[in-house]
1. Quick one: which helices (runs of 4 or more DSSP H) lie wholly within segment 1-96 and hold at least 1 residues that are under 14 Å from the mean Cα position of the chain (by Cα) and among the hydroxyl-bearing types (Ser, Thr, Tyr)?
2. Give the number of residues within segment 25-42 that are buried (at least 18 other Cβ atoms within 10 Å of the Cβ) and either closer than 13 Å to residue 160 by Cβ or at pLDDT 95 or above (or both).
3. Restricting the first residue to segment 16-34 and requiring it to be under 21 Å from residue 119 (Cα atoms), which pairs with a second residue that is assigned to a helix (DSSP H, G or I) and acidic (Asp, Glu) meet a Cβ separation below 9 Å and a spacing of at least six or different chains?
4. Within segment 138-176, which residues are within 24 Å of residue 5 (Cβ to Cβ), touching a Lys or Arg at 6+ places or on another chain (Cβ under 9 Å) and of a type in the set (Gly, Ala, Ser)?
5. Out of everything in segment 146-175 that is out of contact with any Ser or Thr (no Cβ under 9 Å at 6 or more places or on another chain) and outside any helix (DSSP H, G or I), what residue ends up being modelled with the lowest pLDDT?
6. Would you check which residues across segment 12-54 are within 14 Å of residue 105 (Cβ to Cβ) and basic (Lys, Arg) and list them?
7. Taking segment 3-20, which residues are under 24 Å from residue 135 (Cβ atoms) and loosely packed, with under 12 Cβ neighbours inside 10 Å?
8. Being part of a strand (DSSP E or B) and of a type in the set (A, V, I, L, M) is true for just one of 123, 139, 101. Which residue is that?
Amino acid sequence: MNIKKVEQQTIDVISQWQSDLNNFSMEQLLQKPAENSWSIGQVYIHLWMAAKGFFFKNIQRIATNDEKVKNGGSKTFSGYAVYIFGTMPSIKIEMPTSVSVQPNQPESKEQLIARMEEVKTMVHQAAAILPSLNSNAKVKHPFLGYLSAAEWFRLCIMHFNHHIQQKQRIKNHFGF
């Protein structure tokens, strides 16, 4: 994996998400297509939460040899498929309740921009330490199996790209 290339691609995708905020009013960001679905604003909050509390947290676990780190371990069949194709499936994925968190509605566009900037900072920080990390040190993902720090890093861009379709479905629902 070319760390610098994935780093730049991830920053570019996040920048596009930030730029897309110009296309929405705050009211549009808060609209939910159905009671049990998310607004576009909640998708942004979810992306930030997943990056901070899941992807980059697990990279940090590997960097500090946290108790959740295992030496070795395999990906699941789904995990191999995701990394071979470089994309998450375009289906709705429900995380186990043990790791699932309902995102709050955003407070403002400025909050969303700041959250995306925070993710960019995490991307840069992780890219800087990845070369020094043990590639055999892994943390288990609930669906994908055991992932190295580099695989957690790549998962960030795949996750952002995965949610582009969800954002488009919400836009289409409301005719934005």
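The values are calculated or read from the model by the stated rules, or taken from the named source; none is laboratory data. All values reported here derive from a predicted model rather than from experimental measurement. So basically every Cβ, Gly included, is an ideal-geometry build from the backbone, and we count neighbours across all protein chains shown.
1. Qualifying helices (runs of 4 or more DSSP H): 3-20, 40-50.
2. Initially, segment 25-42 is screened for residues buried (at least 18 other Cβ atoms within 10 Å of the Cβ), giving 29, 38-42.
Those left that are additionally either closer than 13 Å to residue 160 by Cβ or at pLDDT 95 or above (or both): 29, 39-42.
Qualifying residue count for the region: 5.
3. Filtered contacts from segment 16-34: 18/117.
4. 148, 149
5. Taking the candidates together, the pick is 175.
6. 32
7. Selection gives 4, 5.
8. 139
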